[in-house]
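Visitor: Attaching a single structure in structure tokens format; questions to follow.
The values are calculated or read from the model by the stated rules, or taken from the named source; none is laboratory data. Computed from a predicted model, the values in this text were never measured in an experiment. When we count neighbours, we look across all protein chains shown, and the Cβ atoms used for this are built from the backbone with ideal geometry, even at glycine. What goes into the accessible areas is simple: the full protein's heavy atoms, side chains included, and nothing from ligands, DNA or RNA. Shrake-Rupley method; radii C 1.70, N 1.55, O 1.52, S 1.80 Å.
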Amino acid sequence: MQTDIRIDGMNCMGCVAALLAKLRTLDGVEDADIDLASSVAKVTFNEQLVNLTTIKQAIRDSGYNVLS
Ligand SMILES: [Cu+2]
């Protein structure tokens with residue numbers, strides 16, 4: 001499935017690159033894209049392998065807040 005996650009705390013392309021790298025290391029994440037202007041991550045993942053809670057936790061572990 002694909003979901004949009006609103007993130008707080010990203011302020012440059014370095015943040016985007018770091019977070020994308022982190023998301024892409026997760027088993028089950030098939031694709032990830034982040035739009036810095038809107039602070040939205042679009043994540044495509046396999047629900048059999050990973051869930052939204054794990055994805056959001058990975059974002060928090062990287063130092064950003066998850067708004068939704
Ligand atoms: Cu940054």
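Visitor: What number of residues in region 26-40 are exposed (fewer than 15 other Cβ atoms within 10 Å of the Cβ) and under 11 Å from the mean Cα position of the chain (by Cα)?
Guide: Final tally of qualifying residues: 3.
Visitor: Taking region 41-58 only, how many residues are open to solvent by 30 Å² or more (accessible area, probe 1.4 Å) and either of a type outside the set (S, T, N, Q) or over 10 Å from T3 (Cβ atoms) (or both)?
Guide: Residues meeting the conditions: 11.
Visitor: Let me ask you something else. Considering only strands (runs of 3 or more DSSP E) fully contained in region 1-55, which possess at least 2 residues that are within 14 Å of the ligand (Cβ to nearest atom)?
Guide: 2-8
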